[in-house]
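Everything on this sheet refers to the single structure shown next.
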Amino acid sequence: MQNAPWIFPGLGNRRWVELRLDALARADFPDITVENPLNDPEFCDRWITALTARLGADHSWGGWLEDRTHLWRGHYLPEGCFIHLGIDLNVPAGTTVLAPVTGEVVHAIPCGLLGGGGGGWIVLRADTPQDGAAFVVLGHLAHEGLPPPGTRLVRGAVAGMIGTPQENGGWYPHLHLQSMSEAAWEMVQHAPDTLLDGYAPADAALPHLFPDPAPLVGLRPRSASHERSIDSAA
């Protein structure tokens, strides 16, 4: 188990565990000839909640550079674009989210599409890059209270709340947290609908362009974690 990420002030006493969702989806839903039930956000939310409870935890997280080809089979993501660029922190809709760095909001959009997208998204330009993150993306937020571009947020200030499936692109409730280098931000200017959506094709440069954001919120990066994820548990 890990301590709770500090960006959720109301969840400070909860138990967290890392999950590798694509491997779990392959185990629980192996039949690719039927419709993928995980594309239903309510079903997906119940599934993740049950997986988390099986390990005796209250909430779960994970997914940095995970290939999610099976997990989101049949979803709107472009073919071959299934490498997850950040981590997902699985918490209920309405959960308050704090800014992980001090900086300026340089991008904000209250996307209302139900067939894809991220609902409320903001990008923070960090005053001082941390753990390779010159920019930080917060996705799947509620539309209400979304800070507009130009807003300055200090580390620990309220950045928003987790959105419902009706306003976060039809996804199950969670926070998408993504770090970007300066080079990645330049790439985003030319392909915002893909790279800002949190997925990309496999590429050896991805770890440098999109560093693991886990340390920003007090979680151990994947390479340093010795916890047993549920897909490797007996």
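Between E182 and A157, residue separation times 0.36 nm minus the direct Cα-Cα distance comes to 6.7 nm. Among the chymotrypsin sites (Phe, Trp or Tyr not before Pro) in region 13-95, those placed in a DSSP loop whose Cβ has at most 13 other Cβ atoms within 10 Å are Y76. Between D28 and C81, the contour length at 0.36 nm per residue exceeds the alpha carbon distance by 16.8 nm. Largest GNM mean-square fluctuation among G139, G103, G12, using the chain with Cα springs under 10 Å: G12. Applying the criteria of a DSSP loop state and at most 13 other Cβ atoms within 10 Å to the GluC sites (Glu not before Pro) of region 1-106 yields E35, E79. Pairs of Cα atoms nearer than 8 Å and 6+ residues apart set the relative contact order; for the chain it is 24 percent. Given R₀ = 25 Å, FRET efficiency for D58-Q189 by Cβ-Cβ distance, to 0.05? Taking R0 as 25 Å, the efficiency between D58 and Q189 is 0.05.
Here the sum of -39500 (n - 2.57) over DSSP H runs of 4 or more residues, divided by the residues of the chain, equals -4000 deg cm²/dmol at 222 nm, to the nearest 500.
Here the chain is treated with +1 on each Lys and Arg Cβ and -1 on each Asp and Glu Cβ, and its dipole about the Cα centre works out to around 660 debye.
All of the numbers you see were taken from the coordinates with simple rules; none came from a lab. The model shown is predicted, which means the values in this text are computed figures rather than measured ones. FYI the Cβ positions are ideal-geometry reconstructions off the backbone, even for glycines, and counts take in every protein chain you see.
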